[in-house]
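S.K.: There's a structure below that I have some questions on.
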Amino acid sequence: MLTRNATLYRLAPDHALSADSIADCLAKRPWMPCGAMDLSTQGWVPPAPHAPELYAYAQQDAVLVALKTEEKILPAIVVKQEAEYRIAQIEAEEHRKVGRKEAKALRERVADELLPKAFTRSRVQRAIIDLQAGLVIVDAAAASKAEQLLSALREVLGSLPARLIDTQTTPQTAMTLWLENADAGDFDLGQTAHLRAPGTEGAEAKLAHQPMDSDEVTRHLGAGKLVEHLALTWQDRLSFVLTSTLALKKLAMLDVLRDELKDADAADQAAIFDSNLVLTLGELRKLVPALIAALGGEVRP
């Protein structure tokens, strides 16, 4: 899968986005590495390795984009220790106490001196803007992380009329009912679940390699615990973990889908990438509506 996680946003029906307009906007804000005095940088990179000139990779009326963030690693403890060493030197050599204001200025100077020498770390986050299905699918396991990419998109596009998908039945309610009935309708129950009693200090149960129709699961439900995360499979093609916030984690192809990808007529890396993207799009375009239907349908504003 080109996305290991999925936080789902609904595009407004009257959006004016197109593959070309998205590509033009992203190309105006490419990622640049951190300069000597930069704490971090963020910008857009080509999402397809074989197409380094394309900042938005279009396929079947959908666009794949990638946001890269680079951050300097400068632990506060390193700055503190160096500043304390210099303060001790000053106090010993000049026989005086370093004041609070002077100590603060010294810490800032130390940070500025160490910043150009700091190591960097980078990460790339992908998203699929599905113009056909009216969805933005961000590779993030939580909305807080997805919003970082959405915010960057809004900045370059000027606006992005997208909102988190809301369903008639909350995922937590539906998942709890599925476990109570040992039946998730069109979905098959996996063997991983996270249950929690209501309240900030509610008891938790994290189950792995556990049949969901077992007596242990029944006891947890009987004690009032609700389902936070639940592993599911869909049509023997995809597996994932559904969360109470309607995020999909650990998306993975099952054997049937992996075989289809292997059998695809892909002679080189470009063709393999395209086959993977087409397959990912096709499966998500079927999975997301099926999941929304299982949750009672979508709440429209």
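S.K.: Quick one: would you say residue 211 is in a loop (DSSP other than H, G, I, E, B) and loosely packed, with under 12 Cβ neighbours inside 10 Å?
M.R.: Here the answer is no, as residue 211 does not meet what is asked.
Here's the yes/no breakdown for (1) closer than 20 Å to residue 139 by Cβ; (2) more than 20 Å from the chain's Cα centre (by Cα); (3) at pLDDT 95 or above; (4) of a type in the set (A, V, I, L, M):
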| site | (1), (2), (3), (4) |
| --- | --- |
| 6 | yes, no, yes, yes |
| 37 | no, yes, no, yes |
| 60 | yes, yes, no, no |
| 66 | yes, no, yes, yes |
| 73 | no, yes, no, yes |
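S.K.: Which of (1) without any contact (Cβ under 8 Å) to a residue 12 or more places away in the chain; (2) at negative phi is the odd one out, the single condition residue 48 does not satisfy?
M.R.: (1)
S.K.: Identify the residue in the range 1-18 that is among the aliphatic types (A, V, I, L, M) and outside any loop (DSSP other than H, G, I, E, B) and, among all such residues, is surrounded by the fewest Cβ atoms within 10 Å (Cβ to Cβ).
M.R.: 11
S.K.: Among the residues of the range 39-53, count how many are modelled with pLDDT under 95 and among the hydrophobic types (A, V, I, L, M, F, W, C).
M.R.: Matching residues across the range 39-53 total 3.
S.K.: Does residue 56 satisfy being of a type in the set (Gly, Ala, Ser), buried (at least 18 other Cβ atoms within 10 Å of the Cβ), over 24 Å from residue 249 (Cβ atoms) and in contact (Cβ under 8 Å) with a residue 24 or more places away in the chain?
M.R.: The answer is yes for residue 56.
S.K.: Here's another thing I want to ask about it. Could you check residue 21 against (1) in a helix (DSSP H, G or I); (2) not assigned by TED's automatic domain parsing to the domain that holds residue 159; (3) not hydrophobic (A, V, I, L, M, F, W, C) and say which number it fails?
M.R.: It is condition (2) that residue 21 fails.
S.K.: Can I ask one more? In the range 190-203, what residues are touching a Lys or Arg at 6+ places or on another chain (Cβ under 7 Å) and either within 23 Å of residue 251 (Cβ to Cβ) or touching a residue at least 24 places away in the same chain (Cβ under 8 Å) (or both)?
M.R.: Within the range 190-203, 194, 195, 196, 197 meet the criteria.
S.K.: Within the range 81-95, is there a residue that is of a type in the set (Lys, Arg) and more than 29 Å from residue 292 (Cβ to Cβ)?
M.R.: yes
S.K.: Also: Quick check on the range 110-124. Is at least one of its residues under 23 Å from residue 278 (Cα atoms) and surrounded by fewer than 19 Cβ atoms within 10 Å (Cβ to Cβ)?
M.R.: Within the range 110-124, one or more residues are under 23 Å from residue 278 (Cα atoms) and surrounded by fewer than 19 Cβ atoms within 10 Å (Cβ to Cβ).
S.K.: May I pose another question? From the list 195, 279, 242, exactly one residue is touching a helix residue (DSSP H, G or I) at 6+ places or on another chain (Cβ under 7 Å), surrounded by 15 or more Cβ atoms within 10 Å (Cβ to Cβ) and within 30 Å of residue 50 (Cβ to Cβ). Which is it?
M.R.: 279
S.K.: Please list, ordered by first then second residue, the pairs with beta carbon atoms under 9 Å, 6 or more apart or interchain, first in the range 166-189 and closer than 20 Å to residue 235 by Cβ, second assigned to a loop (DSSP other than H, G, I, E, B) and hydroxyl-bearing (Ser, Thr, Tyr).
M.R.: Listed pairs, sorted by first residue: 171/244; 171/245; 175/244.
S.K.: Moving to a separate point now. May I ask you to say which residue of 251, 295 is within 20 Å of the chain's Cα centre (by Cα), crowded, with 16+ Cβ neighbours inside 10 Å and touching a residue at least 12 places away in the same chain (Cβ under 8 Å)?
M.R.: Selected residue: 251, the only one of 251, 295 that is within 20 Å of the chain's Cα centre (by Cα), crowded, with 16+ Cβ neighbours inside 10 Å and touching a residue at least 12 places away in the same chain (Cβ under 8 Å).
S.K.: Restricting the range 33-72 to residues that are in contact with a Ser or Thr (Cβ under 7 Å, 6 or more places away or on another chain) and in a strand (DSSP E or B), which is farthest from residue 126 (Cα to Cα)?
M.R.: Looking at the filtered set, the residue picked out is 72.
S.K.: So how many residues does the range 125-145 have that are assigned to a helix (DSSP H, G or I) and loosely packed, with under 15 Cβ neighbours inside 10 Å?
M.R.: Matching residues across the range 125-145 total 1.
The values are calculated or read from the model by the stated rules, or taken from the named source; none is laboratory data. This is a predicted model, so every value here is computed, not measured. For neighbour counting, all protein chains shown are included, and Cβ atoms are generated from backbone atoms with ideal geometry for every residue, glycine included.
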